[in-house]
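Here the structure comes first, spelled out in structure tokens, and everything after it is commentary.
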Amino acid sequence: MDTGAAIQRHGVAELIERARGGPPTATAVVHPCDPTAIQGAMDAAAAGFIAPIFIGPEAKIRTAAAAVGADLSPFRVVLTPHSHAAAAEGVALVRRGEAQLLMKGSLHTDEFMSAVVADGAGLRTGRRISHVYLMYPPAYPKPLLITDAAINVEPDLATKRDIVQNAIDFAHVIGIETPRVAILAAVETVNPKMRSTLEAAALCKMADRGQITGALLDGPLALDNAISVAAAQEKGIVSEVAGQADILLVPDLEAGNMLAKQLIYLAGADAAGVVLGAAVPIILTSRADSEATRVASCAAAVLLVRAAQLAALAP
């Protein structure tokens with residue numbers, strides 16, 4: 001397929017263009033043992049974003065590559081006996097500095113992430129790991145980040161602090177200088193019986209005290225008040241965030257996952273996704289993701305790597 005033509009039909013085109021031009025980033029592709037996983041990595045390589053290192057059982061990788069007509073000869077292939085070993089080897093390549101990105105192939109997310117968070121051998125940092133969707137809903141005038149819809153099931157207050165800071169840092173990298181963060185709940189007032197509203201209020205105070213930086217926060221806000229100026233005005237909400245959110249912090253994974261998939265499948269939103277808070281960005285795509293989503297997710301991860309490299313060079 002003509003990757004360039006496919007991308008131009010999607011709102012992620014600007015993100016793709018931002019990532020073009022630099023050298024490809026060495027990327028450990030863990031257990032790419034079905035055609036979709038191979039094709040996703042090959043598309044990102046063809047776009048110039050990554051230099052994939054394919055890790056897994058040789059026969060399965062080559063069978064998958066043959067199914068999509070992929071030529072693996074330009075790329076490194078690291079052989080492992082099974083998916084568990086592939087995940088461990090992918091993490092090891094990152095720890096040795098041989099890869100700057102990690103990409104999930106056809107193994108289960110839990111198995112993949114277990115290697116990432118393994119004590120003493122994983123990629124943990126002082127920040128909790130979280131997932132961010134970068135969405136381009138047709139009816140919204142700007143990109144919209146949704147977090148966390150894939151990693152943290154029922155995050156507590158401390159975890160939400162890291163989740164929102166990860167998203168803020170990501171927003172800076174993609175050019176949102178002062179992102180507006182809406183902390184979602186079912187209502188826009190603090191209700192002692194609803195933990196999400198109490199934590200929303202606490203997060204706002206944490207931002208006031210410098211425990212969260214680089215953004216404007218408000219919450220609790222219901223979804224309509226977060227993204228619709230008219231809805232916010234109707235309810236008399238005066239806020240720098242209401243009606244114009246850049247980031248939606250959801251109460252839990254189920255809410256985030258349903259919101260993200262509704263935007264993709266019912267509203268036709270284009271999307272990219274990346275896992276943050278580990279030693280390197282992690283590309284965690286689904287078999288149901290489109291070609292453009294896979295390439296855009298790689299583009300987002302590459303932008304994060306470049307930003308980290310520039311930060312490391314800063315005096």
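Values quoted throughout were computed directly from the atomic coordinates according to the rules given, and no laboratory measurement underlies them. Small disclaimer: the values here were computed from a predicted structure and weren't measured. Every residue, glycine as well, gets a Cβ built from its backbone with ideal geometry; the counts of neighbours run over all protein chains shown.
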Legend entry - Rounded to the nearest 20 debye, dipole of the chain from Cβ charges on Lys, Arg, Asp, Glu: 440
Inset, instruction - For every helix of n ≥ 4 consecutive DSSP H residues, a contribution of -39,500 (n - 2.57) applies; sum these over the chain, divide by its total residues, and give [θ] at 222 nm rounded to the nearest 500 deg cm²/dmol. - result: -13000 deg cm²/dmol
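What's the magnitude of the charge dipole for region 29-144 around its Cα centre, counting Lys and Arg as +1 and Asp and Glu as -1 at the beta-carbon? Answer in Debye, nearest 20.
Numbers: 10 positive and 9 negative charges, 80 e Å.
Charge dipole, region 29-144, about its Cα centre: 380 debye, nearest 20.
Within 10 Å, Cβ to Cβ, of VAL181, how many net charges do the neighbouring residues add up to if Lys/Arg are +1 and Asp/Glu are -1?
Residues close to VAL181 contribute a combined charge of -1.
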Inset, instruction - Just round it to a whole percent: the fraction of Cα-Cα distances in region 130-265 exceeding 18 Å. - result: 48
Inset, instruction - Find how much the distance from ALA13 to GLU240 grows on full extension, using 0.36 nm per residue of separation minus their present alpha carbon separation; answer in nm with one decimal. - result: 78.9 nm
Inset, instruction - Before anything else, pin down the relative contact order of region 73-146: Cα pairs under 8 Å, at least 6 apart, normalised by residue count, whole percent. - result: 20
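Just the number: Rg to Rh for region 11-74, Cα atoms, Kirkwood Rh, two decimals.
Value, to two decimals: 1.01.
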Legend entry - Reachable lysines, given that their alpha-carbon falls under 19 Å from the alpha-carbon of LYS60 and they are not under 8 places away in the same chain: LYS104
Inset, instruction - Taking the chain as the reference, fit the longest principal axis to its C-alpha atoms, fit the long axis of helix 35-46 to the helix C-alpha atoms, and give the angle between the two in degrees, 0 to 90, nearest 10. - result: 90
Legend entry - Kirkwood hydrodynamic radius of the chain, Cα pairs, Å: 19.9
Inset, instruction - Return the single residue from SER114, SER286, SER106 with maximal mean-square fluctuation; model: Gaussian network over the chain, springs between Cα atoms under 10 Å. - result: SER114
Inset, instruction - Among ARG287, ARG128, ARG96, determine the one that fluctuates most according to a GNM of the chain built with springs between C-alpha atoms less than 10 Å apart. - result: ARG96
Legend entry - Among MET194, THR36, ALA279 the positive-end extreme of the charge dipole of the chain (Cβ point charges): ALA279
Inset, instruction - Could you tell me how many degrees, from 0 to 90 and to the nearest 10, lie between the Cα long axis of helix 83-95 and the main elongation axis, the longest principal axis, of the Cα atoms of the chain? - result: 80
Inset, instruction - Please list, or write none, the lysines whose alpha carbon is within less than 29 Å of the alpha carbon of LYS205, excluding same-chain residues fewer than 8 places away. - result: LYS142, LYS160, LYS193, LYS235
Inset, instruction - Round to the nearest 10 and give me the degree value, 0 to 90, for the angle of helix 157-173's Cα axis relative to the longest principal axis of the chain. - result: 70
Legend entry - All-pairs Cα distance distribution in region 189-315, expressed in whole percent, bin size 5 Å: 2, 9, 13, 17, 19, 17, 13, 8, 3, 0
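Sort the following peptides by mean Cβ neighbour count (other Cβ atoms within 10 Å, averaged over residues), highest first: 242-249, 15-22, 226-233.
242-249, 226-233, 15-22
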Legend entry - Computed lengthening from ALA67 to VAL153, 0.36 nm per intervening residue step minus Cα-Cα distance: 27.4 nm
Legend entry - Farthest toward positive dipole pole in the chain [+1 Lys/Arg, -1 Asp/Glu at C-beta], among CYS298, ALA232, VAL78: VAL78
